[in-house]
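Comments concern the structure below.
The values are calculated or read from the model by the stated rules, or taken from the named source; none is laboratory data. Note that the structure is a prediction, hence the values are computed from the model and not measured. Because the Cβ atoms are built from the backbone with ideal geometry, glycine has one as well, and the counts that use them run over all protein chains shown.
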Amino acid sequence: MKKAQELFRKISLNFQIIGTRLAKSFALAAIILFTLPTNAEEQTYRLETLAEGLNFPWSVDFLPNGDLLVAELEGTLKRISKDGSSSNSVSAVPTVYRASQGGLFDVLLDKDFATNSTLYLSYAEGDSEENGTTVARATLTGNALTDVEVIFTASPRKYAPLHYGGRMAFTSDDLLLITTGDGFDFREHAQDLNSHLGKTIRINKDGSPAQGNPFPEAPKVWTYGHRNPQGLAIALDGTVYLNEHGPKGGDELNVITKANNYGWPAITYGMDYNGAYVSPLTEYPGMQQPQHVWTPSIGPSGMAFYEGNKFPKWQNSLFVGALVNKEVRRLTVENQQVTAEETVFAELDARIRDIRVGPDGLLYIVTDGDPGTVIKVHPE
C-alpha cells in the first residue's frame with residue numbers, strides 16, 4: 001500500500017513529462033475496444049412497461065411471490081405487484097442524505113428471505129459536511145420495515161455528495177459484498193487501506209468482517225483501487241464482475257479477486273474532466289488490468305450475468321446498463337474474457353440505471369429519471 005501511495009505522489013508531480021505515452025495508450029485502447037466483434041446471432045424479444053412514474057429509481061429486487069421492490073434515489077422504497085397493477089411505498093425506510101448523487105441506492109434480499117424476511121439497503125447518510133455510504137438490514141413485514149439496523153458505515157466521512165458506489169451482492173458463500181466510491185475529491189483514498197473509500201467491502205450479514213479477508217489492518221476490505229463502482233454481478237460459478245466509472249473515458253469492467261489492487265488513481269485509461277492527465281500510466285506491476293475498457297465513457301451502471309434458458313442466444317452474457325449512451329451493452333464472456341460486444345435495447349432511449357435477472361428467468365430494466373420505469377423483457 002505504501003508503495004502505491006508513493007507511486008501516486010510521484011505521478012502527481014511528473015505526469016506532464018510523460019503524458020504523451022498515455023495519449024498513445026488511449027488510442028490503442030480505443031482501437032481494441034472498437035474492433036471487438038459483434039454478436040452475429042440475434043435474439044428476438046419484446047418489451048413490456050411494468051411500472052412507470054417512478055422517482056429516479058436506482059435498483060430492483062424480487063420478492064418470493066413475484067412482487068418487485070424498487071429503491072428510488074429520493075429515499076422511497078416501492079413495492080410493485082408482479083403484474084404492475086399496484087404500487088405501495090414501504091414505510092420506516094432509513095433517512096437518506098439526498099444531494100447530487102446521494103440518496104437511496106441498492107435493495108438486496110437475503111438469500112433466506114423466504115424464512116427470515118430480511119433485506120439490505122445501501123444509501124448515503126449524513127449531511128453536507130460529513131456523509132458517506134451506509135448499509136442497513138431490516139425485516140420486511142407487509143409494507144413496513146422493522147428492526148432496522150446499520151451494519152456498515154464507510155469511514156472516513158466526506159463532504160462531497162459524489163462517488164458513493166453503493167452496489168451490493170451476495171457471494172457464492174453467502175457473504176455480503178459492498179462497493180464504495182472514492183468520494184470524488186478523495187481519489188488518493190482508493191490506495192489507502194486505512195480508508196473505506198474506493199474499495200469492495202466483504203462482511204458477514206451482521207456487519208462483522210468476513211473470515212479470510214486479506215488485510216489485517218483493514219479487516220472489512222476485500223479489494224481496493226476503485227473509482228466509482230456502479231455495477232456488481234456474480235455468476236453461478238462464483239466469478240464476481242464489477243464495473244466502474246472512469247473519469248473522462250476509461251470506464252472499466254473488472255473481475256474481482258481477493259486482495260487485488262485495481263489501480264485507481266495510479267493507473268487509468270481515462271482523462272480528468274478538465275483535460276489533464278490523472279496519471280501517465282495505464283499499467284503498473286502489482287495492479288490489475290481491466291477485462292474491458294470503454295473509451296469514450298458509456299457511464300456503466302447496474303449489471304446482470306445471464307445464465308438462464310429464456311433467452312438461449314444470450315447465454316453467458318453480461319448485460320451492462322449505460323447511463324451516458326442510453327442503452328444496454330451485452331458482452332459475450334468466455335473464461336472470464338470479453339469476446340464480443342453489442343448494443344441492445346437502444347430503442348428505450350433512456351438512461352439505464354439497473355438491469356437484473358428475475359426469478360422467472362426474464363430480464364428487468366430500470367430506467368433512470370423522473371419519471372423512471374421498470375421494463376420487463378420477454379422472448380419472442
Mind listing just one residue for me: the one in the range 255-290 that is of a type in the set (Gly, Ala, Ser) and in contact with a helix residue (DSSP H, G or I) (Cβ under 8 Å, 6 or more places away or on another chain) and, of those, surrounded by the most Cβ atoms within 10 Å (Cβ to Cβ)?
266
Out of 197, 162, 176, 193, report the one residue that is at pLDDT 95 or above, of a type in the set (A, V, I, L, M) and under 30 Å from residue 63 (Cβ atoms).
176
Residue among 128, 155, 85 that alone is surrounded by fewer than 17 Cβ atoms within 10 Å (Cβ to Cβ), without any contact (Cβ under 8 Å) to a residue 12 or more places away in the chain and part of a loop (DSSP other than H, G, I, E, B):
85
Determine if the range 232-241 includes at least one residue that is under 19 Å from residue 134 (Cβ atoms), out of contact with any helix residue (DSSP H, G or I) (no Cβ under 7 Å at 6 or more places or on another chain) and either crowded, with 17+ Cβ neighbours inside 10 Å or among the aromatic types (Phe, Trp, Tyr) (or both).
yes
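State all residues of the range 304-360 that are among the acidic types (Asp, Glu), more than 21 Å from residue 109 (Cα to Cα) and either surrounded by 22 or more Cβ atoms within 10 Å (Cβ to Cβ) or within 18 Å of the chain's Cα centre (by Cα) (or both); if no residue qualifies, say none.
Residue satisfying the conditions is 327 alone.
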Given the conditions (1) within 27 Å of residue 249 (Cβ to Cβ); (2) part of a loop (DSSP other than H, G, I, E, B), which single one is not true for residue 331?
(2)
Checking the structure you have, find out if any residue of the range 187-204 is surrounded by fewer than 18 Cβ atoms within 10 Å (Cβ to Cβ), more than 29 Å from residue 86 (Cα to Cα) and in contact (Cβ under 8 Å) with a residue 40 or more places away in the chain.
no
Subset of the range 196-238, residues within 19 Å of the chain's Cα centre (by Cα) and polar (S, T, N, Q), comes to 200, 223, 228, 230
Restricting to the range 189-203, name every residue that is part of a strand (DSSP E or B) and either of a type in the set (A, V, I, L, M, F, W, C) or more than 16 Å from residue 152 (Cβ to Cβ) (or both).
201, 203
With respect to residue 347, is the statement that it is more than 19 Å from residue 49 (Cβ to Cβ) and of a type in the set (D, E, K, R) true?
no
I'd like to check something: does the range 342-357 contain any residue that is among the basic types (Lys, Arg), more than 30 Å from residue 190 (Cα to Cα) and in contact with a Pro (Cβ under 8 Å, 6 or more places away or on another chain)?
no
